[in-house]
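The structure under discussion appears below in the form of structure tokens.
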Amino acid sequence: MDGKMEFIRSRIKRKPLAARVSDLDLRAILPLQRFFPIHPAVREIARRIKAAQRMDASVILMMGGMSTSPTEWTPASVGECF
């Protein structure tokens, strides 16, 4: 093997759902924080999505491309498709 651990399903020990207990403590979950300001273009996209929803229109939001920084988004860069 190349140093990676192999996942073997047959070795999983399953318990009935009622017998399962979570050891996750809510103190381990950090509160949500905004890490960067919301760009005006994102607010405009959200406004258009809400308007489309009020008209019972379908909405598809796709993101990607060269820029990964919301500070570089503009309505033109995300497309005028509304």
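Coordinate-derived values only; no laboratory data. Please read these numbers as outputs of a predicted model, since none were measured by experiment. Reconstructed Cβ throughout: ideal geometry from the backbone, glycine too, with neighbour counts over all protein chains shown.
Sorting the segments 40-50, 5-15 by their mean number of nearby beta carbons within 10 angstrom, highest to lowest, gives 40-50, 5-15. Computed extension length for Ala19-His39: 2.5 nm, one decimal, from 0.36 nm per residue of separation with the Cα-Cα distance subtracted.
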